[in-house]
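**Q** Below you will find the structure I want to go over with you.
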Amino acid sequence: MMATNRFIALDVFRGLTICLMIIVNTPGNHDTIYAPLQHAAWHGFTPADLVYPSFLFAVGNALCFAAEKWAKMTQAQVLVKIFKRSLLLFLLGFLLYWFPFVQRGESGIVFKSFAETRVLGVLQRIALCYCIAALLVYYVKATGALITAVFLLIAYQFILFWFGMPGQELTMAGNAGTRLDLWLLGPGHMNHTEAIPFEAEGLLGTLPAVANVVAGYLTGRFLQQKGKTTGMLMRLVSVGSGLAILALGWNEWLPINKNLWTGSFVLLTVGLDCLILAGVIYVNDFLRQDRLAYFFEVFGKNALFIYLLSEVAAILLRAAHVYGRIYDHIFKFAGMYLGSLLFAICFTLFCWLAGWYMDKRKIYIRV
């Protein structure tokens, strides 16, 4: 019974993350978004910046349950499972950026060039972080994974300053991560939503992001060992608060920055995730608010599918020039900012309905 409840708490936490991710990613108008739902332009932190690292944290939570099954498998079977899942996640992320694979050219409809397709991104980083964290957990266990995660955070800070452009180490153009991505991938395969080619999910920044997954794994393992007790909740709250305070102190030397995924950003997001997870467990398992939890549980049970559905649906609506029209002719009348938020909420509810239908049919898509 306890294992089932912990799975529910995990689903709720993961579902809350997916719900907020869709709201942040699909506003009616990207120029009129309430400040808390916008990512920090560079240094700094907003609630929207917590969404992505929370999903990595949830991946780590799930990893602690998957690792229990590895004891009954051979090394070859475990490695095949880890690499297969990582490769599939990476491929899905890449195809999502290439989708819908065609575009209008001077001679009509032509295939989108691979040379201009973004290689790295959200799912790709999740794939790489999962792969590294899973290998750490399998080969060096919990203590070794923790030590490695701490080492990566410290080493990453030195790399940023040693290999960045002198005097520009923490600028968008001068940091070591951008220089590495330009050298390995080239500007054509990077994100072009900024003034310069810049990859927020770049290769170098993936190293500290591994710590978010490891932290999620260690938190899930702690819950397995301690069970749902008041003492467990107090420890979770204490650790979360302590990490957030440490992050604010580290911010003086290495600013909190999601785009660079700095160590201070990692500590802050892990700390906040511990606090949020404690709240989810308290509401779901101590207050027994099952109906409130079920809404987010629906998202969590098919998290990857619903995320992909939201992205594909948004891409198709924009390609058909319907996305903006829906906002202009229906939601804009509520006001530019409120209408943009209402559009995002309605879009999220559409995705929830798809997840609810799948849950009722007992359809759960796993990777």
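The values are calculated or read from the model by the stated rules, or taken from the named source; none is laboratory data. Not measured: the values here are computed from a predicted model. No Cβ is skipped: glycine too gets one built from the backbone with ideal geometry, and neighbour counts run over all protein chains shown.
**Q** Which condition from (1) of a type in the set (V, I, T); (2) under 21 Å from the mean Cα position of the chain (by Cα); (3) surrounded by fewer than 16 Cβ atoms within 10 Å (Cβ to Cβ) is the one that T171 breaks?
**A** (2)
**Q** Can I ask one more? Which numbered condition trips up C346, out of (1) at pLDDT 95 or above; (2) within 30 Å of A211 (Cβ to Cβ)?
**A** All conditions are met except number (2).
**Q** Right, another one. Looking only at residues that are of a type in the set (F, W, Y) and closer than 21 Å to Q38 by Cα in the range 323-367, which one is nearest to the chain's Cα centre (by Cα)?
**A** Looking only at the range 323-367, we keep the residues that are of a type in the set (F, W, Y), and these are 323, 327, 331, 333, 337, 343, 347, 350, 352, 356-357, 364.
Retained after the next criterion (residues that are closer than 21 Å to Q38 by Cα): 323, 327, 331, 337, 343, 347.
Working: Y323: 24, Y327: 27, F331: 28, Y337: 25, F343: 22, F347: 19 Å.
My answer is F347.
**Q** Do we find that L277 is over 15 Å from C19 (Cβ atoms) and either in contact (Cβ under 8 Å) with a residue 24 or more places away in the chain or of a type outside the set (D, E) (or both) in this structure?
**A** Details: over 15 Å from C19 (Cβ atoms): yes; either in contact (Cβ under 8 Å) with a residue 24 or more places away in the chain or of a type outside the set (D, E) (or both): yes.
So L277 passes the test.
**Q** Of the conditions (1) touching a residue at least 12 places away in the same chain (Cβ under 8 Å); (2) farther than 30 Å from H192 by Cβ; (3) surrounded by fewer than 16 Cβ atoms within 10 Å (Cβ to Cβ), F350 fails just one. Which one is it?
**A** Failing condition for F350: (2).
**Q** Determine which member of the set P197, P166 is in a loop (DSSP other than H, G, I, E, B), at pLDDT below 90 and not polar (S, T, N, Q).
**A** Values: P197 fails: at pLDDT below 90.
None of the other options fit; the residue is P166.
**Q** When the range 18-59 is examined, which residues are found to be of a type in the set (D, E, K, R) and modelled with pLDDT under 95?
**A** Initially, the range 18-59 is screened for residues of a type in the set (D, E, K, R), giving 31, 49.
Residue satisfying the conditions is D31 alone.
**Q** Hey, A115 hits all of (1) in contact with a helix residue (DSSP H, G or I) (Cβ under 7 Å, 6 or more places away or on another chain); (2) surrounded by 11 or more Cβ atoms within 10 Å (Cβ to Cβ); (3) not aromatic (F, W, Y) but one; which does it fall short on?
**A** All conditions are met except number (2).
**Q** Another question, if that's okay. Residue by residue through the range 60-74, note down the ones that are modelled with pLDDT under 95 and either in a helix (DSSP H, G or I) or in contact with a strand residue (DSSP E or B) (Cβ under 9 Å, 6 or more places away or on another chain) (or both).
**A** Once the filter is applied, which keeps residues that are modelled with pLDDT under 95 and either in a helix (DSSP H, G or I) or in contact with a strand residue (DSSP E or B) (Cβ under 9 Å, 6 or more places away or on another chain) (or both), the range 60-74 yields N61, A62, L63, C64, F65, A66, A67, E68, K69, W70.
**Q** Can you name the residue in the range 39-58 that is part of a helix (DSSP H, G or I) and hydroxyl-bearing (S, T, Y) and, of all such residues, is farthest from the chain's Cα centre (by Cα)? So that I can check it myself, show each step before the final result.
**A** Here is the first cut: in the range 39-58, the ones part of a helix (DSSP H, G or I) are 47-58.
From what's left, hydroxyl-bearing (S, T, Y): 52, 54.
Values: Y52: 3, S54: 6 Å.
The selected residue is S54.
**Q** Here is a follow-up. Of the numbered conditions (1) of a type in the set (S, T, Y); (2) surrounded by fewer than 16 Cβ atoms within 10 Å (Cβ to Cβ); (3) assigned to a helix (DSSP H, G or I), Y364 fails exactly one; give the number of that condition.
**A** Going through (1) of a type in the set (S, T, Y); (2) surrounded by fewer than 16 Cβ atoms within 10 Å (Cβ to Cβ); (3) assigned to a helix (DSSP H, G or I) one by one, Y364 breaks only (3).
**Q** Can you list the helices (runs of 4 or more DSSP H) found entirely within the range 242-340 that contain at least 3 residues being buried (at least 16 other Cβ atoms within 10 Å of the Cβ) and at pLDDT 95 or above? Spell out the reasoning first.
**A** Working: elements: 263-281, 290-301, 303-319, 323-326.
Filter on the range 242-340 gives 263-281, 303-319.
**Q** Only residues that are surrounded by fewer than 19 Cβ atoms within 10 Å (Cβ to Cβ) and touching a Gly at 6+ places or on another chain (Cβ under 9 Å): list them for the range 30-65, please.
**A** Those that are surrounded by fewer than 19 Cβ atoms within 10 Å (Cβ to Cβ) and touching a Gly at 6+ places or on another chain (Cβ under 9 Å): T32, F65.
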